[in-house]
Structure formats: structure tokens, C-alpha cells
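Take a look at the structure below.
The values are calculated or read from the model by the stated rules, or taken from the named source; none is laboratory data. Source: prediction; values computed, not measured. Ideal geometry is used to build each Cβ from the backbone, glycine not excepted, and the neighbour counts take in all protein chains shown.
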2 protein chains.
Amino acid sequence: MRYGPLVARLALDGSDGWNVHFRAVERKARGIDTLILTVGDSDFDSPPEAVAACKAALDAGETRYTPILGDPRLRAAVAERHARQTGRETSADQVVIAAGAQNALFSVVISLLGPGEEAIVPEPMYLTYPGTVATAGGVMVVVPSPAERAFHVDPADIEKAVTPNSRLLLIASPNNPTGAVLGRAEWQAIGEIARAHDLWLVSDEVYADLAYGDSPAYPAALPELAERTVVVSSLSKSHAMTGWRAGWSVSPNPELPRHLFRLAIANTYGSPQFVQDAALAALKAAPAALPALREAYARRRLEVAAAVNAIPGLSCRKPEGGMFVLVDVRQSGLGALEFANRLLDETGLALLPADGFGASATGHLRLNLGTPDAVLKDAMKRLAGFAATL
Amino acid sequence: MRYGPLVARLALDGSDGWNVHFRAVERKARGIDTLILTVGDSDFDSPPEAVAACKAALDAGETRYTPILGDPRLRAAVAERHARQTGRETSADQVVIAAGAQNALFSVVISLLGPGEEAIVPEPMYLTYPGTVATAGGVMVVVPSPAERAFHVDPADIEKAVTPNSRLLLIASPNNPTGAVLGRAEWQAIGEIARAHDLWLVSDEVYADLAYGDSPAYPAALPELAERTVVVSSLSKSHAMTGWRAGWSVSPNPELPRHLFRLAIANTYGSPQFVQDAALAALKAAPAALPALREAYARRRLEVAAAVNAIPGLSCRKPEGGMFVLVDVRQSGLGALEFANRLLDETGLALLPADGFGASATGHLRLNLGTPDAVLKDAMKRLAGFAATL
């Protein structure tokens, strides 16, 4: 049977790094001692307020169709949050509730980008971006965020990448996997480029509540970017709610949401009320990140960075945000994939080879901070032990 | 700002009929007496077993990421159901769990159909189909299912519609809105066409448990169609679980699921475990439809049909399946939209003008059988009263 051209476009999207993860999951299922620090899930539980709200909605029989763009109360709560972050008046009709930030990103990108049109994306980038751009039929143009620049993109490189086919910039800050948090001056420079070439900015802010320095710069707060920024976010990372599939987009005005309405009718057809009630309760209980989770990640990143830097031949930077540490194994003589495979086989520790996130992450392994302290300590021991054998 | 070409394609998708529904919802919210029989929701509650399983999963902390294609136990349960219906061996890796049947349909259609390629669809058809085909960039080619043929499509009309660009047939049986249930001989004729021209059949079976005659003919059971049929279905209609967004596709082999995996990573990224646990419990508790719901709908369709046919100037057919009755207002002298608007304004009863479902439904109004008996009786009185004023 013949498949459509989308299938071929998506098949180009390499994700070999995940094989280490899948092997680790299989190993563990077979009862073999394995520490899985690959995926970005959390050892913290979802807020009890969210669970209670979900159960209350179920008890109230809230199991029927919901408004396609989301519950008006949740849309209003997300709008308030956006207004607080950006200092800009935001109305609920700029907000579209989605089945997770990824679903929001998917819907926004395929609405803004057409076949052959270009999305400029700094790498390292989250592994779903290529598939998302491929679904739109768009062309991904990558610009580097080198380790030597602390994984920060140079706005001049973005400018150089612009062509008459450029339509949007897709940028995550804090970045996954590097944790890099762009500052106000960087966003201003990017904003000038976006304005000069009439580009959208799709701002992936799922880690925005997990920036560990001063309050992060929200691009939608800047006059250069306010009119052209679509924010996608969720509670997955900041509130330990990955499996709820509760995310959203915030558009500069209600026009894109009207288009997203038509797409949502064909794609997801609304989100469960009991999930939206849980999201609303989580936002009310903890308007920014869960404080305990945020504190733990902030502390763990320092402890892990110190432990890694004490291992001869390995090194890492202290991440500015997010929930990952990138371990630099370039001095070990092994590539990241080989390092990860041997580390798993010889010690049972699974880290994610980060090469797939982009050329600037080559030779790095991603480590998840959403891991209990005792397991992190054990992981550092295994990593040190393995490195000593090289 | 410029939008991508998808936005323009989706905007062509007319859905004026829904304005009657939205007006009715507003009216009711303002406290005005209104009976809303437009949407396909149910007066039955979701199975208590599903609610209990959902809460148990929440209590167990099942709130983290889940396998992208679905929980293996739920995939296996859907595979068993498919095997029972079709008499064909079915493995769990043919099954992909989705955020509702609509999400399954969306993912399947954009994977099978490319820009400019044609989907042949009998009308009347469900209102999301045009947007789904438009997302793929495909061309929808409609064939009629005239009221005079009891809303059954003539396979000869499908054959005539085939061109070298045809890629798939998209057919719902029982149909929404007509309730028409295709028989084995009709599927065989369709199967011969599909085989002769190497077409996929995308079979929308969300109402399959609500066929009121003999057991329905499942196209995937037929040798002509087994190798080329992708079934999409859910628990929304048969188990009163519309708001859970729990659906699936069943492919003829594990190849399409491998492609759907890449798409799901970019789009929905898995379904909540607590929703999947609820779906599994619902399937176990009631492998086919909820018996009480099915019996009530079967009875109500006869009562409503009798009541409508007793109103001078109105008529309707006894639906063969599904949860709707189509009221024929063509003898009233009013178009369906005008009839529906005046009916709402003068009596508070909201029915859905069915013209948007396709030319063969012109002059009909769709009435939802998932409505308490007392409300149905009241609705019939209002309808009769209004018709008497014409």
C-alpha cells in the first residue's frame, strides 16, 4: 500500500539516541539493575490540588464534550499568568488549551508554516522540532549554539540564516537540552531581526519557570516581539504533570486562535474537563513552578555539575535553567552514543546521547535532574567508575 | 502577520449550521428555557468502572509520560475486540491509541493522503472530514447517499468517482448523521473497487456498537478489504465517554503504526495513563456498547420517528444505527437553517441543520437521541407546535 508524502518526511527525522533509552527500559523490565536518567520526567508527584480537582470533576460527571479551545476559566488563568510574566494586557481569547505543549507547538507551527517555507531554529533543539516542521512540509534551517558560547545562539547567526522564504523562529529558553536562558539583550537583537524580516517567533517556554538566575526575560514582553510572538507552554515540567497532556498557546491577538479552532476540530476536539480542572487547580496552588521541585532541581544541578567536574576526563557546565545537565564526554575518546551504550551495559546507568539534539551537543550526554537524590548519587558513582576504566 | 496555507484551506470548511448550536448554548447560559438536541453527547454517564479505574490510577500516581502508541494492555484489549468483530487475528502492534477517534482519523488521513491526492467520501458525512482532508492538502471527492436510497451510497457512484489521483475511501457506518448501516454486499462491492484501484479504506466505526439490526458488517472482516482497511473508533458514543478523548486506530499490519509513532511524537505525545486505564476498564466491563444506553437509543429512535411522522408536513426515517434522527422538513416550505433558527427562537428547541453534512441531507435537521426521555417528549411537543404555525 502507498503512504502519503508526510510519512517519508517524518522518516528522515533521526532519533537513534532514543535506542539507549529503549534498551534501558527493556533491561529494567527484565529485572536487571538499571538507572534511567534519559527522559525528562520527574521524581516529584503532580500537585495534590491537581489530583483532587481531577477527582472532583469525575465525581461531578464532567466527562462530556468540552469547548474546543478550552475551558474559559482555564484560558483566563493562563492569560493572567501571561500578563504577569510580560506586563501586557492579555485576554482569554488569545489562549488555546492543547493536549500538552507539544500539541500546542504542532498546531501553531503547521498553521504558520507552509511547504518549502523556512523555520529558523537554534540547535541544540528538542527532538520533536524536526518532525513538527516536517509535518508542515517546512524546511528547518539550523543555527548553532556552541558549547564555547555557553550554548547561547549568536543573533548574528540568525540574521545570516534569513532568506525570503523564512517565516518563523522557533526558540526554547531555557533550552532543552542545554538549559541556556536567553537574556533581554539577546531577545532584543532577535526581535529586531524578526521585525525587519516579518518573522513569527514561536517561543517554547515549558522550562520558563525553571530558570535559576534572575527572573527570565519573556520575549512577548518586548515591544519588538509582542506582536509576533506565540508562546507555547504547559505544566508538564514546572508542575510535574507530564502525563496529563495539559498545555496551551498564547497568541498576540485572537486571530491565530480562530484558525487553531478549525484545526483543533479536526485534530484533538477539546481536552477532558477533568484534566483542565486539574490544570486550573495546579496554576492556582502554584502560579509559577512548584517551589519544592524548583529548589530541588536548582540544588541538584550544582551537585551534579560538581560531581561530574570531579571526574577526570569528563566535564559539564552549570545549566542556567531547565531540568537537565549535559555531560561533556569529548575528552573521553568515545563518541556520545558509544559512551552511553557502554555505560549502560557496564554499569546499568542510562544517559541520553545528545548528538541528536544538534551538532553543538555532539559528544554530550543528557542527564535528567528529576531523579531522587539517592539515585543521582548512585549515578555519579557509576559514571565515575566507568570513566576510570577508559 | 502571514499565516501558512493550511489556515486558508481550513477556512473554506463551512460550518454555518453550528451557529444554531452556539446561539442555543448562549441562550441557555442567559437563563432562557432552551432544549439543546444538537450535539452528539449522551444523557448517560460514563461507566462507573471507568471512573473508578481513572481515580485508582490517579491514587497510584500514574501521572507521568506514557508509551507514545498507547499502553500495551489497552492496545491488546482493542486488538481482541477487533479480532472478535472481524474474525481475523489481530495483534496489539496494529493498534494505536489516540486522543479520541477524531485524533486517530486525523493522524491516519494525513499519513495516507498527500497534497492534491483524492479522498472519496460519501455524503452526508461528519463535519470534521473536510477539515481533516484539508489538513493533508488532499481533495475531497463526494458521492451522494440520497434520502431516496435510505441514505445508502451506491457503490457504482464510488466507482465513477475514482481517478488516478484517488488514494482512499473514507466511510462511516453507521453514518453520522443518517444512521445508515452498510451491509455485507455493499462492502463487498466497495471492496472490489478498492482492490481494483489500490485504495485504502478508512472506516469510521465510532457508531458500530450502535447498529440496531443484525450484527453489522465489519469491512475489515472481508477478504477484499482486510489488507487495506484502517479502522478508527472510540468509546465516546458507545460508552458515553465523549469527553475522555480515548480512541484508537487499527491498521492491517504494524507498518502504519510505525509511521503514526513519528507523527504522535510531534502531535500528542501519548495519552494520560489514567484515561487509558479508564478505557480499559470500560472495554472490560462492557465489551460492546453499554447495554442500557444501546437499548434506550434503539427505543427512542422508534418513538421519535413515530412522533415526527405524526406531525403534518414533517417526516423521518427510522435510523438503522447511530444516535441521531434526521427530521425531514422539506415539505415545510422552510430551508433547514431557517427552520432551525425559527424553531429555536419561537420554542427554545435547538436541532442542528444538517445541510452542512452534505447535499443529500439538505432540508433535514439532526436530533440527538442521547437526550432524557422527558426532554425528548417535550421536544416533540415543541416541534409539533411550531410546525402547526407554518
Condition broken by A:TYR218, with the remaining ones in (1) over 30 Å from A:GLU192 (Cα atoms); (2) modelled with pLDDT of 95 or more; (3) out of contact with any Pro (no Cβ under 9 Å at 6 or more places or on another chain); (4) more than 8 Å from chain B (Cβ to nearest Cβ) satisfied: (1)
Please state which of the following conditions A:SER203 fails to meet, knowing it meets all the rest: (1) more than 22 Å from A:VAL39 (Cβ to Cβ); (2) within 14 Å of another protein chain (Cβ to nearest Cβ). (2)
Out of (1) crowded, with 18+ Cβ neighbours inside 10 Å; (2) of a type outside the set (Ser, Thr, Tyr); (3) within 11 Å of chain B (Cβ to nearest Cβ); (4) in contact (Cβ under 8 Å) with a residue 12 or more places away in the chain, the odd one out for A:VAL7 is which? (4)
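Can you pull out every residue in segment B:246-260 that is surrounded by 20 or more Cβ atoms within 10 Å (Cβ to Cβ) and closer than 13 Å to A:TYR3 by Cα?
We begin by selecting, within segment B:246-260, every residue surrounded by 20 or more Cβ atoms within 10 Å (Cβ to Cβ); these are B:246-252, B:256-257, B:259-260.
Those that are surrounded by 20 or more Cβ atoms within 10 Å (Cβ to Cβ) and closer than 13 Å to A:TYR3 by Cα: B:SER251, B:LEU256, B:PRO257, B:HIS259, B:LEU260.
Return a yes/no flag: does segment A:222-245 have any residue that is assigned to a helix (DSSP H, G or I) and away from every other protein chain (no Cβ under 14 Å).
Here is the first cut: in segment A:222-245, the residues assigned to a helix (DSSP H, G or I) are A:226-228, A:242-244.
Right, trim to away from every other protein chain (no Cβ under 14 Å) and you get none.
No, segment A:222-245 has no match at all.
Take segment B:76-94 and flag every residue that is charged (D, E, K, R), under 15 Å from B:ALA279 (Cα atoms) and free of Cβ contacts under 8 Å to residues at least 40 places away in the same chain. Full working, then the answer.
Pass one, segment B:76-94, residues charged (D, E, K, R): B:80-81, B:84, B:88-89, B:93.
Still in the running and under 15 Å from B:ALA279 (Cα atoms): B:80-81.
Within segment B:76-94, just B:GLU80 meets the criteria.
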Under 6 Å between Cβ atoms, which residue pairs at least 6 apart in sequence (or on different chains) link something in segment A:98-118 that is closer than 17 Å to A:THR229 by Cβ with a partner that is of a type in the set (Lys, Arg) and modelled with pLDDT of 95 or more? A:LEU113/A:ARG167
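I'm trying to understand the selection: among the residues of segment B:343-390, which are among the basic types (Lys, Arg) and touching a helix residue (DSSP H, G or I) at 6+ places or on another chain (Cβ under 7 Å)?
Just the residues of segment B:343-390 that are among the basic types (Lys, Arg), to begin with: B:366, B:377, B:381-382.
If the condition is that a residue be among the basic types (Lys, Arg) and touching a helix residue (DSSP H, G or I) at 6+ places or on another chain (Cβ under 7 Å), then B:ARG382 is the only one that fits.
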If I ask for residues that are touching a Gly at 6+ places or on another chain (Cβ under 7 Å) and more than 20 Å from A:PRO67 (Cα to Cα), which ones from segment B:233-244 would you list? B:SER233
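In the set A:GLY137, A:GLY179, A:GLY183, which member is surrounded by fewer than 24 Cβ atoms within 10 Å (Cβ to Cβ) and either farther than 27 Å from A:ALA8 by Cα or modelled with pLDDT under 95 (or both)? Working first, answer last.
Numbers: A:GLY137 fails: either farther than 27 Å from A:ALA8 by Cα or modelled with pLDDT under 95 (or both); A:GLY179 fails: surrounded by fewer than 24 Cβ atoms within 10 Å (Cβ to Cβ).
Every option except A:GLY183 fails the conditions.
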Would segment A:54-68 turn up any residue that is in a loop (DSSP other than H, G, I, E, B), within 21 Å of the chain's Cα centre (by Cα), within 12 Å of chain B (Cβ to nearest Cβ) and surrounded by 24 or more Cβ atoms within 10 Å (Cβ to Cβ)? no
Within segment B:201-219, identify whether any single residue is without any contact (Cβ under 8 Å) to a residue 60 or more places away in the chain, surrounded by fewer than 24 Cβ atoms within 10 Å (Cβ to Cβ) and part of a helix (DSSP H, G or I), and answer yes or no. no
Among the candidates B:ALA172, B:ALA180, B:ALA134, which residue alone is free of Cβ contacts under 8 Å to residues at least 60 places away in the same chain and at negative phi? B:ALA172
So, in segment B:75-121, exactly how many residues are of a type in the set (D, E, K, R), out of contact with any Lys or Arg (no Cβ under 6 Å at 6 or more places or on another chain) and within 14 Å of chain A (Cβ to nearest Cβ)? 1
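Rundown of residues vs (1) surrounded by fewer than 23 Cβ atoms within 10 Å (Cβ to Cβ); (2) without any contact (Cβ under 8 Å) to a residue 60 or more places away in the chain; (3) not aromatic (Phe, Trp, Tyr), yes/no style:
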residue	(1), (2), (3)
A:VAL329	no, yes, yes
A:LEU337	yes, no, yes
A:THR347	yes, yes, yes
A:ALA359	yes, no, yes
A:LEU365	no, yes, yes
A:ALA374	yes, yes, yes
A:LEU390	yes, no, yes
May I ask you to list the residues in segment A:24-53 that are under 23 Å from the mean Cα position of the chain (by Cα) and of a type in the set (D, E, K, R)? A:ASP41, A:ASP43, A:ASP45
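Considering only segment B:69-87, state which residues are within 25 Å of B:GLU224 (Cβ to Cβ), crowded, with 19+ Cβ neighbours inside 10 Å and out of contact with any Leu (no Cβ under 7 Å at 6 or more places or on another chain).
Start the filter on segment B:69-87 by keeping residues that are within 25 Å of B:GLU224 (Cβ to Cβ), which leaves B:78-87.
Applying the additional criterion that residues be crowded, with 19+ Cβ neighbours inside 10 Å yields B:78-79, B:81-82, B:85-86.
Result: B:VAL78, B:ALA79, B:HIS82, B:GLN85, B:THR86.
Does B:VAL121 count as surrounded by 22 or more Cβ atoms within 10 Å (Cβ to Cβ) and under 16 Å from the mean Cα position of the chain (by Cα)?
Values: surrounded by 22 or more Cβ atoms within 10 Å (Cβ to Cβ): yes; under 16 Å from the mean Cα position of the chain (by Cα): yes.
Criteria met by B:VAL121.
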Counting only residues that are within 13 Å of A:ALA340 (Cβ to Cβ) and of a type in the set (A, V, I, L, M), segment A:362-378 contains a total of 2
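Of the residues A:ALA194, A:ALA156, A:ALA189, which single one is part of a helix (DSSP H, G or I), over 18 Å from the mean Cα position of the chain (by Cα), within 11 Å of chain B (Cβ to nearest Cβ) and over 20 Å from A:GLY363 (Cβ atoms)? Reasoning before the result, please.
On the way: A:ALA156 fails: within 11 Å of chain B (Cβ to nearest Cβ); A:ALA189 fails: within 11 Å of chain B (Cβ to nearest Cβ).
Being part of a helix (DSSP H, G or I), over 18 Å from the mean Cα position of the chain (by Cα), within 11 Å of chain B (Cβ to nearest Cβ) and over 20 Å from A:GLY363 (Cβ atoms) holds for just one of A:ALA194, A:ALA156, A:ALA189, which is A:ALA194.
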Looking at segment B:40-53, which of the residues that are in contact with a helix residue (DSSP H, G or I) (Cβ under 6 Å, 6 or more places away or on another chain) and assigned to a helix (DSSP H, G or I) is farthest from the other protein chains (Cβ to nearest Cβ)? B:GLU49
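Of B:VAL202, B:VAL231, B:VAL206, which residue is of a type in the set (A, V, I, L, M), under 15 Å from the mean Cα position of the chain (by Cα) and more than 22 Å from B:ALA50 (Cβ to Cβ)?
B:VAL202
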Tell me, yes or no, whether segment B:26-39 has at least one residue that is touching a residue at least 24 places away in the same chain (Cβ under 8 Å), within 13 Å of chain A (Cβ to nearest Cβ) and in a loop (DSSP other than H, G, I, E, B). yes
Within segment B:88-103, is even one residue in contact with a helix residue (DSSP H, G or I) (Cβ under 9 Å, 6 or more places away or on another chain), surrounded by fewer than 17 Cβ atoms within 10 Å (Cβ to Cβ) and over 30 Å from A:GLN102 (Cβ atoms)? yes
Of the conditions (1) over 19 Å from the mean Cα position of the chain (by Cα); (2) on the phi > 0 side of the Ramachandran plot, A:ALA150 clears all except one; give me its number. (1)
Candidate set from segment A:270-322 (those that are within 14 Å of chain B (Cβ to nearest Cβ) and assigned to a loop (DSSP other than H, G, I, E, B)); member that is farthest from A:PRO72 (Cα to Cα): A:LEU290
Search segment B:17-53 for residues being among the acidic types (Asp, Glu) and surrounded by 15 or more Cβ atoms within 10 Å (Cβ to Cβ), and hand back the single one that is farthest from B:MET380 (Cα to Cα). B:GLU49
